[in-house]
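Some notes on the structure that comes next.
The values are calculated or read from the model by the stated rules, or taken from the named source; none is laboratory data. Keep in mind it's a predicted model, so treat the numbers as computed, not measured. When we count neighbours, we look across all protein chains shown, and the Cβ atoms used for this are built from the backbone with ideal geometry, even at glycine.
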Amino acid sequence: MKSWFLSDLHLKNMQERNGEILLRFLRSLSSPTDHHKKLQANSGSESGSESEIESKPTASNFHEVLKLQNEKSECPQHNLFLLGDIFDIWVSDHTVFVKEYLPLIEEIQMLLQKNFRIIYFEGNHDMHIDRFWTEQLGVEVYDEAAFFKIGNLEIRAEHGDLINLNDEKHLRSRRILRHPVMEFMGHHLPGLFWQWLAKKYSQKSRARSTHYRQQNQEEIRQMIRDHALKSYSERHFDYIISGHMHVFDDFIFSREGRPIRSINLGSWLEEPRVLQITQKHPESAPEVQWIDPARL
Ligand SMILES: [Mn+2]
């Protein structure tokens, strides 16, 4: 069984580079055979020997996905975790979003048909999405941290917008946007209105937050780790995985002689990245890999 985690693509449309990279990645999950063929074709045209090709993490990943697909009875279900802010804006079930991101929706449907479990955490750019993603697609949607048992691992997953408790501006807007009145407006005001509103604010806030992140990388990393420790004291886990902060971090600390891993997925705006956790047998140690989906 494999589980993949990704977040913070902030896709404006499917034509942008990360949109294409995401589609290619999802296709590699739903039909690994085609990609395997393509890979073989590529290896023929490249000057590198087969062993060099084999040494690329993406290539070996394909072989494994392929193997797993062939042994379907042993791995009834893979998990895809979308940890929020996948889109620059998605509110409720408005047609404007469904149309804009249709190729992605179709890939998601394909994966669901192939018995993938898809879990979507709302971020601060995708809100009240269950009306489409759960009711029409069948994706599990969460708007706060949740725990998952994957093999022998206990995983806490969340978008991560509660990591920085000093960001009062964000916390206030989170409260407002999740208020029942706003939820009502989210469902009833036209999608075009939300798209317009998001465009209006996103450029300004992105420029500001990018600057802040560059200046405060170490401080942000510390926040991510502090949040992991605090969360662990509330309820134990093996991994905590989040996004939102746009600062990649993969850190292991130890509690009661047991390793605890704190991961922040960073953002595709800096670098496309997918976390893959492979559990060959329920009791075996998990294999953790970072996949560069741009190389698929
Ligand atoms: Mn966010």
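Okay, here's what the table says:
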{"read-out": "Residues located in the range 87-103, provided they are surrounded by 19 or more Cβ atoms within 10 Å (Cβ to Cβ) and either within 16 Å of the ligand (Cβ to nearest atom) or farther than 16 Å from L192 by Cβ (or both)", "value": "F87, D88, I89, W90, V91"}
{"read-out": "Residue match in the range 226-238 (condition: of a type in the set (A, V, I, L, M, F, W, C) and within 14 Å of the ligand (Cβ to nearest atom))", "value": "no"}
{"read-out": "Any hit, the range 253-272, residues being in contact with a Lys or Arg (Cβ under 7 Å, 6 or more places away or on another chain) and under 30 Å from R27 (Cβ atoms)", "value": "yes"}
{"read-out": "Test: residue in the range 169-187 that is over 29 Å from T95 (Cα atoms) and either within 16 Å of the ligand (Cβ to nearest atom) or outside any helix (DSSP H, G or I) (or both)", "value": "yes"}
{"read-out": "Count of residues meeting criterion [over 28 Å from I176 (Cβ atoms), touching a strand residue (DSSP E or B) at 6+ places or on another chain (Cβ under 7 Å) and of a type outside the set (A, V, I, L, M, F, W, C)] in the range 100-136", "value": "1"}
{"read-out": "Qualifying residue in the range 236-251 (condition: modelled with pLDDT of 95 or more, among the aliphatic types (A, V, I, L, M), more than 26 Å from Q214 (Cβ to Cβ) and in a strand (DSSP E or B))", "value": "no"}
{"read-out": "Condition broken by R206, with the remaining ones in (1) within 15 Å of the ligand (Cβ to nearest atom); (2) of a type in the set (K, R); (3) not in a helix (DSSP H, G or I) satisfied", "value": "(3)"}
{"read-out": "In the range 194-227, the residues that are touching a residue at least 60 places away in the same chain (Cβ under 8 Å) and of a type in the set (G, A, S)", "value": "A198, S202"}
{"read-out": "The range 239-270, subset polar (S, T, N, Q) and either within 16 Å of the ligand (Cβ to nearest atom) or surrounded by 19 or more Cβ atoms within 10 Å (Cβ to Cβ) (or both), residue nearest to L82 (Cα to Cα)", "value": "S242"}
{"read-out": "Of all residues in the range 108-167 being of a type outside the set (S, T, N, Q) and on the phi > 0 side of the Ramachandran plot, the one that is surrounded by the fewest Cβ atoms within 10 Å (Cβ to Cβ)", "value": "G138"}
{"read-out": "Those residues of the range 280-296 which are more than 16 Å from R261 (Cα to Cα), outside any helix (DSSP H, G or I) and modelled with pLDDT under 95, in sequence order", "value": "K280, H281, P282, E283, S284, L296"}
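Listed here are the residues, each with its yes/no results for (1) away from the ligand (no atom under 16 Å from the Cβ); (2) at pLDDT 95 or above.
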site	(1), (2)
W4	yes, yes
D8	no, yes
E16	yes, yes
G19	yes, yes
P32	yes, no
K37	yes, no
A41	yes, no
